[in-house]
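Chemist: The following block contains the structure, expressed as structure tokens.
The values are calculated or read from the model by the stated rules, or taken from the named source; none is laboratory data. Just so you know, these numbers come straight off a predicted model, no measurement behind them. For neighbour counting, all protein chains shown are included, and Cβ atoms are generated from backbone atoms with ideal geometry for every residue, glycine included.
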Amino acid sequence: QKEVEQDPGPLSVPEGAIVSLNCTYSNSAFQYFMWYRQYSRKGPELLMYTYSSGNKEDGRFTAQVDKSSKYISLFIRDSQPSDSATYLCAMPGGSYIPTFGRGTSLIVHP
Amino acid sequence: KAGVTQTPRYLIKTRGQQVTLSCSPISGHRSVSWYQQTPGQGLQFLFEYFSETQRNKGNFPGRFSGRQFSNSRSEMNVSTLELGDSALYLCASSFGRGNQETQYFGPGTRLLVL
């Protein structure tokens, strides 16, 4: 079992839908969590950090952490075609070395 | 402020050859990390350099090496290339540490080994 599991998709939704992207992890030592967005032929860009259980909101994006279930989610409200990308979760472990999920491909069609 | 630049952007090599990839971090960033991204394994950490010293190393064979220069520019080298080394190699420069870290990725170098 990989330390971080993420469904690769693709996840296809109509414009305006609420998108839910998820990761599960096995290492309870992970203390904080990150979400990255990667457009085709580009490097990943950091979207959000979350440090503890609960929700964190940033514009149309909400990150949620459930440490008891070892489950994190990223919600995108009012999704736009420009949100079409691969979304990766990441969790820094020892020495801050990050473990990444394999990414979920999201397609938002007009 | 200019972003992270990587050269070359694309590269084709044959098995057994070696390759050197270059990364120029954002001005003022002293930490440079390298990653390998493949469809099968996803994004995997190779190593991190800070002030010309390797600070962390991932689980890759010794054929993968790197260095950092006094101006924070970094290079990674892969010797005796194998078909499985075909991947997107990403460099990230960062400022700060842990949950105070701000990290920016470059566009990557896409390496194809034939």
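Chemist: Residues of the range A:1-39 being among the small types (Gly, Ala, Ser) and touching a Phe, Trp or Tyr at 6+ places or on another chain (Cβ under 6 Å), which ones?
Modeler: A:Ser20 - this is the single residue of the range A:1-39 that is among the small types (Gly, Ala, Ser) and touching a Phe, Trp or Tyr at 6+ places or on another chain (Cβ under 6 Å).
Chemist: Looking at the structure I just gave you, is A:Ile76 among the β-branched types (Val, Ile, Thr) and in contact with an Asp or Glu (Cβ under 7 Å, 6 or more places away or on another chain)?
Modeler: Criteria met by A:Ile76.
Chemist: Residues that are within 14 Å of another protein chain (Cβ to nearest Cβ) and more than 21 Å from A:Ser12 (Cα to Cα): find the strands (runs of 3 or more DSSP E) completely inside the range A:25-110 holding 3 or more of those.
Modeler: Correct list: A:45-50, A:85-92, A:98-100.
Chemist: Further question: A:Pro8 fails exactly one of the following numbered conditions: (1) surrounded by fewer than 16 Cβ atoms within 10 Å (Cβ to Cβ); (2) out of contact with any Gly (no Cβ under 8 Å at 6 or more places or on another chain). What is the number of that condition?
Modeler: Exception for A:Pro8: condition (2).
Chemist: Considering only the range A:29-41, I want to know if a residue exists there that is among the charged types (D, E, K, R), closer than 19 Å to B:Pro39 by Cβ, modelled with pLDDT under 95 and exposed (fewer than 14 other Cβ atoms within 10 Å of the Cβ).
Modeler: yes
Chemist: Could I ask something else about it? Right, B:Asn59: surrounded by fewer than 19 Cβ atoms within 10 Å (Cβ to Cβ), away from every other protein chain (no Cβ under 14 Å) and without any contact (Cβ under 8 Å) to a residue 60 or more places away in the chain or not?
Modeler: So B:Asn59 does not fit the description; no.
Chemist: While we're looking at this one, here's another question. Against the condition more than 26 Å from A:Tyr32 (Cα to Cα), more than 14 Å from chain A (Cβ to nearest Cβ) and either of a type in the set (S, T, N, Q) or surrounded by 21 or more Cβ atoms within 10 Å (Cβ to Cβ) (or both), how does B:Thr109 come out, does it pass?
Modeler: No; evaluated as a whole, the condition is false for this residue.
Chemist: Could we say that A:Ile97 is modelled with pLDDT under 90 and hydrophobic (A, V, I, L, M, F, W, C) here?
Modeler: Considered against the rule, which asks whether it is modelled with pLDDT under 90 and hydrophobic (A, V, I, L, M, F, W, C), A:Ile97 comes out as yes.
Chemist: Of everything in the range B:55-69, what is at pLDDT 95 or above and among the polar types (S, T, N, Q)? Give them in sequence order.
Modeler: B:Ser65, B:Gln68
Chemist: For A:Asp7, work out the one condition from (1) more than 11 Å from chain B (Cβ to nearest Cβ); (2) farther than 26 Å from B:Ala87 by Cα it doesn't fulfil.
Modeler: Of (1) more than 11 Å from chain B (Cβ to nearest Cβ); (2) farther than 26 Å from B:Ala87 by Cα, only one is false for A:Asp7: (2).
Chemist: Being under 24 Å from A:Ser40 (Cβ atoms), surrounded by fewer than 21 Cβ atoms within 10 Å (Cβ to Cβ) and more than 14 Å from the chain's Cα centre (by Cα): is that true of B:Pro39 here?
Modeler: yes
Chemist: Right, next: Here's a check for you: in the range B:62-86, which residue that is under 24 Å from A:Gly93 (Cα atoms) and hydrophobic (A, V, I, L, M, F, W, C) is surrounded by the most Cβ atoms within 10 Å (Cβ to Cβ)?
Modeler: Residue satisfying both the conditions and the ranking: B:Met76.
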